[in-house]
Amino acid sequence: MNWKLKKEILDILNSEKGFKLSKKGGDVKLLFIYPNTYNVSINNLGYIGLYHIFNEQQGILCERAYIPVDWKRRKDYRVYSIEGFRELRDFDVLLFSVSFELDFFNIIYILNLEKIPLYSYERDDGYPLIIGGGIALSSNPEAISEIFDLILIGEGEDMVSELSEALILKKKNGWTKEKFLNTVKDYEGFYIPKFIKFTYNGKKIEKIWGEQKLPLRRRIYSNFPNNPMVSPITSNKGVFSDMALCELVRGCKYQCRFCLAGYFYRPYRVSSIERIYEKVNWFYREDIPKLGFIVPAIDPSLSLISVKDYVERGEILISFSSLRLEDITEDILDLIKITNQKTITIAPEAGTDRLRKVLNKKFTNDDILNFSGKIKDYSIKTLKLYFMIGLPTETWEDIEGILDLIMNIRRIVKKMEISVSVSTFIPKPHTPFQWEKMADVEYIERVRSYLLKNLRKMDNAKMEDENIIWVFWQGVLSRGDRRLKEFFREYIKDPYSLRILKKLVKDNLLKEYYLEEKEKDEIFPWSFIDTGVKREFLWREREKAYQGVITLPCNDYCKACGVCI
């Protein structure tokens, strides 16, 4: 390891507060890899929370690794654990936590860099076991499933102890990889890609079959209300600097039809401020950091106003990641005011009320304008607006509606900067829109160019950029299957540039196989995964979308989707 890299890692370790790894060894050495940058990894609550849980297991030593921001410019870069400065081949297990489909490319890069054969069937027992998890792999692992010996499907808290016990037995008894995989193949949520086969017929999947019992049930953590996830480590190098993130709720009660998290993390579960404070005090003792409550949407039943005293004392910083305007109360407005936040984010998603109903968002443009009027005199400097384009049923009138809405907001909040994020709709697995066509690259470019041209005419308004190459590939990877490995073999020839990825955007085969509209009864690459949500329910929601019919939020008495039966 060169000194420059070691110094970078030491700087990171010195920036961290909270849990410190004191173990020096264990029966099993596991490297927990986040295939993205450190500042993102430290604020990924699932990743950093499971890191702590792994190290609570007797006989397990779990260390972390990441990739630097400038890895493409550093041809001499190697991946090392940040706690022990160990190389990948020094570990028994490499476990990747994957939150974003585009990080699939980073996994391929890491393995290629470390000269580890890419696919499971190419690796003998002399190599570490390679395991994957995280929502990007849990929802549809098939684009890169054959890389992994084992993939964990669902929520990880309970799977950690089961996996740890099996790994310790493997090491203690000298099991082969084959013996280990046969031992865990019946564990709930444990997916072994080599045991599942796909039969194809042209573009379609004809059959999914194999040695594991199907469908494979997603793992759900039932004890969340009593044991919510809290960041065990903070760092000033994180996206949220020196802040402990707290998962007050898991899932989302609102049923936005494009949203993977809202469907995949069902049932909706709520913990409490008291439980979170218990865990925070345990991790940080006397040096309590600021807390960031990340909730997918404001839910009036959370009684967030009860934390008002904590906020006023500066002990808690609440981050509202999305404001559902139909549920904004005066109490919540007061809470927003006293947090003294400089940026407020709302997600209209669409420019017209009609299209918003398609998405299952019932608030209107008038609601957005009324809210803008209420916050105009707060100390907010930036109002951030999230929109999507390429949505089902979208017309040019909806695109014009985005501009009209922004212009009307501009007239109300004259002093605020307006930051506009326009992302492209990606059909996600396990959602009512999993059957939809993804918009053509040419259409996306035309719409973005039109919006940018007109937004430049507005005072103090800006629009964030989006790389069309990555948009295309996110769509392909979200609905991809094992046949993509031929494209990955092409990519690995030049992973330091976008040349090959740009060339493949023009490949009609990718578009036809993965981005076109799907038939009602078509078998998806992820059809073998049972999330608990019935396929018929998703199809009915799709039909309601086209009718512009709103579905009410989840409640304790609803049995419609199938998860709570």
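Nothing in this text is a laboratory measurement; each read-out follows from the coordinates by a stated rule. Every value quoted in this text rests on a predicted model; they were computed, and no experiment measured them. Note that each Cβ is placed from the backbone with ideal geometry, even for glycine, and that neighbours are counted across all protein chains shown.
So for the chain, taking the charge dipole from beta-carbon charges (+1 Lys/Arg, -1 Asp/Glu), which of 82, 311, 413 sits furthest toward the positive end?
82
Tell me, which cysteines of the chain are without a disulfide-compatible partner by the Cβ under 4.7 Å rule?
Within the chain, the cysteines lacking a partner Cβ under 4.7 Å are 62, 246, 252, 554, 558, 561, 564.
For residue 233, enumerate residues with amide H under 5 Å from its amide H, sequence gap 5+ or separate chain, H modeled in the peptide plane.
19
What is the distance in Å between the Cα centres of region 1-74 and region 358-388?
Taking the Cα centre of region 358-388 as reference, the centre of region 1-74 is 38 Å away.
What list of ³J(HN,Hα) couplings, whole Hz, do you get for region 32-37 from phi and the Karplus terms 6.51, -1.76, 1.60, once you set θ to phi - 60° and write x for glycine and proline?
Computed from phi, the couplings for region 32-37 are 9, 9, 9, x, 7, 7 Hz.
Please list the non-local residues whose amide H lies under 5 Å from the amide H of residue 384, H modeled 1.01 Å from N, same-chain partners needing a gap of 5 or more.
Amide H neighbours of residue 384, under 5 Å, 5+ apart: 344, 345, 346, 419.
How much length is gained on full extension from residue 7 to residue 337, taking 0.36 nm per residue of separation minus their Cα-Cα distance?
That pair, residue 7 and residue 337, stretches by 114.6 nm at full extension.
Pick the calculated percent of Cα pairs over 33 Å apart for this structure from [x] 45; [y] 51; [z] 40?
Given [x] 45; [y] 51; [z] 40, the structure-derived one carries the label [x].
Remind me, relative contact order of the chain in percent, using alpha carbon pairs under 8 angstrom and six or more residues apart?
14 percent
Which helices pass in the chain if a helix is a full DSSP H run, must span at least 20 angstrom along its long axis by Cα, and must have mean Kyte-Doolittle hydropathy not below -1.0?
Helix filter hits for the chain: 157-173, 396-412, 441-455.
Do any chymotrypsin sites (Phe, Trp or Tyr not before Pro) in region 35-134 lie in a DSSP loop with no more than 14 other beta carbon atoms within 10 Å, and if so, which?
Passing sites in region 35-134 are 85.
Can you list residues from other chains, or at least 5 along the same chain, whose modelled amide H is less than 5 Å from the amide H of residue 62?
Amide H neighbours of residue 62: 30.
What does the charge add up to near residue 428, with Lys and Arg as +1, Asp and Glu as -1, over the other residues with Cβ less than 11 Å from its Cβ?
Value of the local net charge: 0.
Using DSSP to define loop residues, name the trypsin sites (Lys or Arg not before Pro) in region 322-374 whose beta-carbon has at most 14 other beta-carbon atoms within 10 Å.
Loop-located and lightly packed - 342.
State to the nearest 20 debye the size of the charge dipole of region 430-565 about its Cα centre, where the only charges are +1 on K and R beta carbons and -1 on D and E beta carbons.
It comes to approximately 320 debye.
If you take every residue apart from residue 194 with its C-beta less than 12 Å away from the C-beta of residue 194, what net charge results, scoring Lys and Arg +1 and Asp and Glu -1?
It works out to a net charge of 0.
I'd like the distance separating the alpha-carbon centroids of region 155-218 and region 438-455, in whole Å.
Cα centroid of region 155-218 versus Cα centroid of region 438-455: 42 Å apart.
Run through region 222-298 and list the trypsin sites (Lys or Arg not before Pro) located in a DSSP loop whose Cβ has at most 10 other Cβ atoms within 10 Å.
When the trypsin sites (Lys or Arg not before Pro) of region 222-298 are filtered for loop state and at most 10 Cβ neighbours within 10 Å, 285 remain.
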